[in-house]
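Engineer: Here it is: the structure, laid out below.
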Amino acid sequence: MIATDLETGIDRLRALIDDARAVLPFTGAGISTECGIPDFRSPGGFWTRNKPIPFDEFLASRDLRSESWRRRFAMQDSFGGARPGRGHRALASLYKAGKTPAVVTQNIDNLHQVSGFAAGDVVELHGNTSYATCLDCGIRYELETVRARFDANGGHAPDCDCGGFIKTATVSFGQAMPGEAMRRAEELTRSCDLFLAIGSSLVVWPAAGFPLMAKRNGAALAIVNREPTEFDDMADLVVREDIGNVLAPFIAD
Ligand SMILES: [Zn+2]
């Protein structure tokens with residue numbers, strides 16, 4: 001059912017959460033927009049103005065690696081200081097209360113970790129942009145380190161000491177999905193009894209597969225998103241209101 005107003009939506013969501021043994025939140029860009037992080041996929045968004053750099057082109061061209069880092073540092077300057085929003089804080093409260101074992105996210109902004117989830121309990125389908133790794137040896141680099149080397153290099157992408165390319169820990173277009181994250185997301189989806197999709201249009205693969213998997217497994221499905229999604233018809237609850245307003249009552253502190 002689609003909630004007719006905000007209050008009804010909150011009441012129904014509370015009832016579903018109270019009834020559930022294990023709530024699995026699945027989050028997309030919508031949960032972070034109130035934190036000042038734009039939805040890159042939205043019309044007029046970052047990706048419509050800056051064509052994404054596919055993984056094979058990143059590997060093939062040093063100029064594109066440098067361009068990729070230029071964009072990343074520009075992002076850092078505009079919203080590197082973003083803080084968790086009401087949605088993140090509400091989910092962290094459910095997590096601390098033992099109601100939710102982990103969160104699965106399409107976001108790369110690290111805000112679930114900042115809000116209080118242990119890093120190991122944030123399953124990131126698209127990686128994390130708050131740090132970088134060497135594609136060859138896997139060593140971790142902090143962004144400040146990469147930026148200092150980038151500047152010292154005259155604005156060119158620095159390489160790892162091993163000679164490998166350094167890239168943010170995100171999953172680029174054309175890059176393989178992280179197998180371990182996919183495996184854990186499936187396992188969590190199959191073991192929850194309330195799948196709570198928040199701020200995701202649920203169209204981008206692999207996001208689209210999870211609500212269906214949860215429903216088939218007998219879990220309830222709740223969707224909190226400003227816009228309609230493909231799965232509204234099969235959901236037990238759909239709340240098309242501002243995400244922060246819907247989730248604020250679930251913040252415990
Ligand atoms: Zn290396």
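The values are calculated or read from the model by the stated rules, or taken from the named source; none is laboratory data. Because the structure is predicted, anything quoted here is derived from the model rather than measured. Here the Cβ is made from the backbone with ideal geometry for all residues, glycine too, and neighbour counts use every protein chain on show. Accessible surface is based on the protein model in full, side chains and every heavy atom, while ligands, DNA and RNA are left aside. Shrake-Rupley method; radii C 1.70, N 1.55, O 1.52, S 1.80 Å.
Residue-by-condition table, conditions (1) assigned to a strand (DSSP E or B); (2) surrounded by fewer than 20 Cβ atoms within 10 Å (Cβ to Cβ):
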| residue | (1), (2) |
| --- | --- |
| PRO101 | no, yes |
| VAL104 | yes, no |
| TYR131 | yes, yes |
| CYS137 | no, yes |
| ALA169 | yes, yes |
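Engineer: Please specify each residue of segment 89-134 satisfying the condition of being over 15 Å from ARG72 (Cβ atoms) and within 16 Å of the ligand (Cβ to nearest atom). Give the derivation first.
Structural biologist: First, pick out the residues of segment 89-134 that are over 15 Å from ARG72 (Cβ atoms): 89-107, 111-125, 134.
Once the filter is applied, which keeps residues that are over 15 Å from ARG72 (Cβ atoms) and within 16 Å of the ligand (Cβ to nearest atom), segment 89-134 yields only CYS134.
Engineer: Kindly evaluate GLY199 against the criterion of being on the phi > 0 side of the Ramachandran plot and touching a residue at least 60 places away in the same chain (Cβ under 8 Å).
Structural biologist: Details: on the phi > 0 side of the Ramachandran plot: yes; touching a residue at least 60 places away in the same chain (Cβ under 8 Å): yes.
Against the criterion (on the phi > 0 side of the Ramachandran plot and touching a residue at least 60 places away in the same chain (Cβ under 8 Å)), GLY199 qualifies.
Engineer: The conditions are (1) farther than 20 Å from VAL246 by Cβ; (2) open to solvent by 40 Å² or more (accessible area, probe 1.4 Å); (3) part of a helix (DSSP H, G or I), and ARG89 fails exactly one of them. Which is it?
Structural biologist: So ARG89 meets the others, but not (1).
Engineer: Sticking with this one: If I ask for residues that are part of a loop (DSSP other than H, G, I, E, B) and either open to solvent by less than 10 Å² (accessible area, probe 1.4 Å) or of a type in the set (D, E, K, R) (or both), which ones from segment 200-225 would you list?
Structural biologist: Taking segment 200-225 and keeping what is part of a loop (DSSP other than H, G, I, E, B), we get 200-208, 217-219, 225.
Selection gives SER200, LEU202, PRO206, ALA207, ALA219.
Engineer: So, in segment 137-166, how many residues would count as being within 8 Å of the ligand (Cβ to nearest atom) and either over 20 Å from ASP63 (Cβ atoms) or under 23 Å from the mean Cα position of the chain (by Cα) (or both)?
Structural biologist: Selection size over segment 137-166: 6.
Engineer: Among the residues of segment 14-50, write down those that are β-branched (Val, Ile, Thr) and either in a helix (DSSP H, G or I) or modelled with pLDDT of 95 or more (or both).
Structural biologist: We begin by selecting, within segment 14-50, every residue β-branched (Val, Ile, Thr); these are 17, 23, 27, 31, 33, 37, 48.
Once the filter is applied, which keeps residues that are β-branched (Val, Ile, Thr) and either in a helix (DSSP H, G or I) or modelled with pLDDT of 95 or more (or both), segment 14-50 yields ILE17, VAL23, THR27, ILE31, THR33, THR48.
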